[in-house]
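These notes are about the structure you will find just below.
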Amino acid sequence: MILNETVITRPDWLILQGKTLEGGYELGDVLDREESVAHFRARVLGDSEIKAYASFYAVEGVAGQEQLQIWQDLRKLRHPNLKAPLSSGRMRVGGAETIYVVCSMPDETLSEILGDRGLTDEEGEELLRSLAGGLEHLQSHGFTHGCVSPEMAVAVGELIQLSTECVRRINSVPKIEISKPRYLAPETGVANVTTAADVWCLGATIFESLVQRKYDTAWFSDLDRLNLGPTLKRCLDANPNTRSKLTALINPGAKPASDSASQVEAVPVPPTARTKPVQVTRKRLEPKRVRPLDGANMELVKFDSSFATDRLKVRVKSGGAWRGITAGIAALILVVVVVWLVILPKFQNIPDPAGQTDVQQKTDTPQSNAWPTKTVAGSEGSNVDGKPAEVKTASTGADPSSNGADNAWRFVLGKYDQEQDADRRIEALNKTHPDLDVKKLTKNDAPPFYVVAGDPMSHADAVELRKRALRMGISRSSYVGDFSH
């Protein structure tokens, strides 16, 4: 989208297919196109391992030259958390002047992962430090990102990186809108052009990655309910002068140079970057001054009741009556737990008329596996005749929960409502990655059906297995879960 200049000639994008750009990038299929923008799949000649795409923008004059210069400067930056362009240049398409940028395809974007699950607190902290490191490197070279969001956070191998196509110079409103920003800082009108604005958008992105909901300023007072809440509140402070600095996010234990560090001069925001003057106070905004969420209350609940996990998501309940009901239910649960743990065990050792105890009777009854693991027909371990393979439990043949929580962790590759979908995924993974020993995990042969790798293990072993699997090309949407319940 062109903000300040008008395209004179409409380009015929289709004639670019099959063309080779300077540097050896052959244009393939059209991924998307509009009147003044087009995106193509690109093949890197001489290196088939690199997957790339090329974006073309029809623009003439100063706007195109300024944007092209930014892309060329970004190519010189070297930082593990920045995905810099591979190439850029000019090309005439028909009678239209265009500029283009070539970028590598990421393995995944954060927005894709959030479509499946939220991040754990540990993953959220890693994401925060990685993106803050990339933003600090941009700032040190006179740039600000302007579009920090889950769509711009990508996974490349084992690295978390920021896409840089939309980067602009600090305090300079871009003439070409490469990407429409998902978040705008409170002091911003139409474009984020300061480092403080990037920090605010970073906080909103981390919030969204944890709870799988777009951040709204009305939720500011509820951030303390998250484990990362205090850090997010410093990022999402409405006052850009007292907002957290990138160095504090990268090294949270570092002490400020002096007590006066909080009294930083205001970061100038060009009038063109906002719609009206913003009144900024030196005092940090208190939660009570934030507009309530339309009379609703926020309550944090566990991400998945099927097994223990640190992930959280937000559930909104209207009205105050829910508090009384919740308190009553909690009291009832407490009474049941006391009866179960204190009173009931006293009766378990009373012999029955036949001289057997309840414990002995239970021992004689076959144990059911709460989380049986199945091997799918057609994959390794299935029957030769193609019939469904018999149920195969963990290596000990016992219920995973019998090993205790420390040995009930699994590396989860997917979760499905339909058993046939899980079977297809298992069959495909066992063909491409037979060493992972992919299986199906279900409770009472009912949904959900989990696709897991290996047998029950400790948390440390599960984390190590996931790291090894990521190096093998397994999706980053995979995760480690506790199946002790």
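We did not get these values from a lab; they are worked out from the coordinates using the rules stated. These numbers were taken from a predicted model, which means no experiment stands behind them. Note that each Cβ is placed from the backbone with ideal geometry, even for glycine, and that neighbours are counted across all protein chains shown.
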Inter-label distance for residue 444 and residue 459, nm, one decimal - labels placed 7 Å from Cα along Cα-to-Cβ: 2.8 nm
How high is the FRET efficiency between residue 29 and residue 329 when r is their beta carbon distance and R₀ equals 60 Å, given to the nearest 0.05? 0.60
Between residue 251 and residue 17, what's the calculated FRET efficiency when r is the beta-carbon distance and R0 is 41 Å? Round to 0.05. 0.30
So for the stretch 13-104, averaging the separation of alpha carbon pairs under 8 Å that are six or more residues apart and normalising by length, what relative contact order in percent results? 24 percent
Any of 19/51; 180/214; 233/467; 51/83; 415/443; 19/76 with alpha carbons more than 20 Å apart? Name them for me. 233/467; 19/76
Taking the stretch 1-154 and dividing mean pair separation by its residue count, relative contact order in percent (alpha carbons under 8 Å, at least six apart): 19 percent
Note, residue 203: beta-carbon cut-off 12 Å, +1 each Lys/Arg, -1 each Asp/Glu, net 0
